[in-house]
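A.B. asks: Please see the structure below; I have some questions.
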Amino acid sequence: MNEIFGSFAWFTNNPTIKSYIAAFTQRPLLRYLFNSLVVSSITTVFSITVASFTSYAITRLPIKGKTIILGGVLAASMFPQIAIISPIFNLITRLGLRNSFSGLVIPYISITLPLAIWILSTFFKKIPYSLEESAKLDGATPFQTFRKIIFPLAAPGVFTTAILVFIAAWNEYLFALTINSDDRWRTVPVGISMYQSQYTIPWGDITAATIIVTIPIVILVLIFQRRIVAGLTSGAVKE
């Protein structure tokens, strides 16, 4: 403890992995990791799937009021979580979904779906319409055009959006704290915040757990690094 709050140093004089061991043995950190992984994965798959079809319909199909629709999507994402936590909590309670994965997935989707739609709409707009017209001349249906042409070309943007959605769901705290009160269903942010007791704060255990839970995100970014960079730089240069 003295070294944690003592003078700054790049290396400690007494290195130990005691805090890392305690993070796993004294608290159900693996359970928290599993819960976060399940909730974040389900949220990402559902949000990206729905957002892909929605963005394609908004940007590529002849629909009136596209600007109004996108404006409504953006406005929905601007509501602070504290303003919608009460109605969502009441809804989840009435549905009997407290202390469950579904109880978190539903509000997480409400947070990440507008973000995914807005980002994917930008990527779909950049795909040349001539490719879509050629597919129509060959007899392709709108769904075939989306599945075989539009979606593969927008893959870098889809991967980038998926990473952003996953991170947003992984780091969410307020809904996870309010909806899942049972320790068996807590996610990583809530679980780590519960490490402290009334009189003590185990800084070493909290720091060790924080480092551990960042590893899945780092691995995910490293695996899809090229696609993420391609998605972020897509359309940066005008042809």
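Read the figures in this text as sums done on the coordinates, not as results from a lab. Keep in mind that what you see is a predicted model, and the values were worked out from it rather than measured. Neighbour counts run over all protein chains shown; Cβ positions are idealised from the backbone, glycine included.
A.B. asks: Report the Cα centroid-to-centroid distance between the range 43-88 and the range 118-174 in angstrom, as an integer.
C.D. replies: 14
A.B. asks: Along the range 120-132, what does the Karplus equation 6.51 cos²θ - 1.76 cosθ + 1.60 (θ = phi - 60°) give for ³J(HN,Hα), rounded to whole Hz, x for Gly and Pro?
C.D. replies: With coefficients 6.51, -1.76 and 1.60, one gets 5, 4, 5, 6, 5, 5, 7, 7, x, 5, 4, 5, 5 Hz.
A.B. asks: Across every pair of different alpha-carbon atoms, what Kirkwood hydrodynamic radius in Å does the chain reach?
C.D. replies: One decimal place: 20.5 Å for the Kirkwood radius.
A.B. asks: I'd like to know which of 83, 40, 114 lies farthest towards the positive end of the charge dipole of the range 30-233, counting +1 on Cβ of Lys and Arg and -1 on Cβ of Asp and Glu.
C.D. replies: Selected residue: 114.
A.B. asks: Over the chain, what is the relative contact order in percent, taking alpha-carbon pairs closer than 8 angstrom and at least six residues apart?
C.D. replies: 32
A.B. asks: Pull out the extension gain between residue 78 and residue 91, defined as 0.36 nm times the separation in residues minus the alpha carbon to alpha carbon distance; nm, one decimal.
C.D. replies: 2.6 nm
A.B. asks: Could I ask something else about it? Spelling out what I want: for every residue of the range 86-102, take phi, set θ = phi - 60°, compute 6.51 cos²θ - 1.76 cosθ + 1.60 (Karplus), and round to whole Hz; glycine and proline get x.
C.D. replies: Taking θ as phi minus 60°, the curve returns 5, x, 5, 4, 5, 5, 4, 5, 5, 7, x, 10, 5, 6, 7, 5, 4 Hz for the range 86-102.
A.B. asks: Let me ask something else. Of the lysine pairs in the range 1-151, how many meet both conditions: Cα atoms under 23 Å apart, and a spacing of 8 or more in sequence or different chains?
C.D. replies: 11
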